[in-house]
Amino acid sequence: MAAGIDLTLDCADAKLLAEFWKTALGYVDEPPPAPFRTREEWLAQFDLPEGDSAEDGAWLCDPDGAGPRLCILKVPEPKTAKNRLHIDVRVPGHGTLDERWARIKMESERLVEAGGAVLEEFEGHHVAMADPEGNEFCVAAASARD
């Protein structure tokens, strides 16, 4: 059996990035683990540094349970280099190259409206983008197995 994964994204503003990634992926806020009713209750069990709070993080999940969870955590240092690992946002549907490219372009435009930025277009294949804090990701067509 393969191991599952969660993705963790460092940031300066967890609320800002959570809203962007919920829009980008269709994710929702993940409920706190049982038996806790709130993230604050859950975090109280940890020895957090003074001043840290639930506002410093966001926990997102795929409402269908198919995708990995996304944990967004505030860190003191800024982003300084290109990501070594990035997210690929896959637009659904198949069809001709032109049809797939049109869907990729529409999705990248939607994500620009949500606060993302286009970094580079690789026409017919994918669009390299950045979220509101500069974390790189790509928009591409779904693979044949999706």
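With q set to 0.23, 0.24, 0.29 Å⁻¹, the log10 of I(q)/I(0) for the range 6-74, from the Debye formula over equal scatterers at the Cα positions, is -1.06, -1.12, -1.36. The chymotrypsin sites (Phe, Trp or Tyr not before Pro) of the range 69-142 include none that meets both criteria, a DSSP state outside H, G, I, E and B (loop) and at most 12 other C-beta atoms within 10 angstrom of the site's C-beta. When the Gaussian network model of the chain links Cα atoms closer than 10 Å, the mean-square fluctuations of Gly95, Gly57, Gly116 top out at Gly95. Can you tell me how the range 84-146 classifies by the Cα gyration tensor, rounded, prolate or oblate, using a/c under 1.5 as the rounded cut? Since a/c reaches 1.5 and a/b is larger than b/c, the shape of the range 84-146 is classed as prolate. Of the chymotrypsin sites (Phe, Trp or Tyr not before Pro) found in the range 1-73, the ones in coil according to DSSP and having at most 14 other Cβ atoms within 10 Å of their Cβ are Phe36, Phe46. Based on DSSP H segments of at least four residues, each scored -39500 (n - 2.57), the chain has a per-residue ellipticity at 222 nm of -7000 deg cm²/dmol. About its Cα centre, the dipole of the chain is roughly 420 debye, where the only charges are +1 on Lys and Arg Cβ and -1 on Asp and Glu Cβ. Within the listed set Leu119, Leu97, Leu70, the Gaussian network model of the chain (springs between alpha-carbon atoms below 10 Å) gives the highest mean-square fluctuation for Leu97. Note on the chain: semi-axes of the ellipsoid equivalent to its C-alpha gyration tensor, largest first and rounded to whole Å, are 31, 18, 12. The longest part of the chain holding none of the exposed loop trypsin sites (Lys or Arg not before Pro), meaning those outside H, G, I, E and B in DSSP with at most 16 other Cβ atoms within 10 Å, is 85-144.
Placing a pseudo-label 7 Å from each Cα along the Cα-to-Cβ vector at Arg110 and Arg69 gives an inter-label distance of 2.6 nm. Once both labels are positioned 7 Å from their Cα atoms along Cα-to-Cβ, the gap between Thr8 and Glu120 label points is 3.0 nm.
Of the GluC sites (Glu not before Pro) found in the range 14-99, the ones in coil according to DSSP and having at most 12 other Cβ atoms within 10 Å of their Cβ are Glu50. Simple rule: put +1 on each Lys or Arg Cβ and -1 on each Asp or Glu Cβ in the range 76-131, find the dipole, and look at Asn83, Gly115, Ala130; the Cα lying farthest toward the positive end is Asn83.
A short reminder: the numbers here are calculations on the coordinates, not readings from a lab. Keep in mind it's a predicted model, so treat the numbers as computed, not measured. All Cβ positions, even for glycine, are placed from backbone atoms using ideal geometry, and neighbour counts span all protein chains on display.
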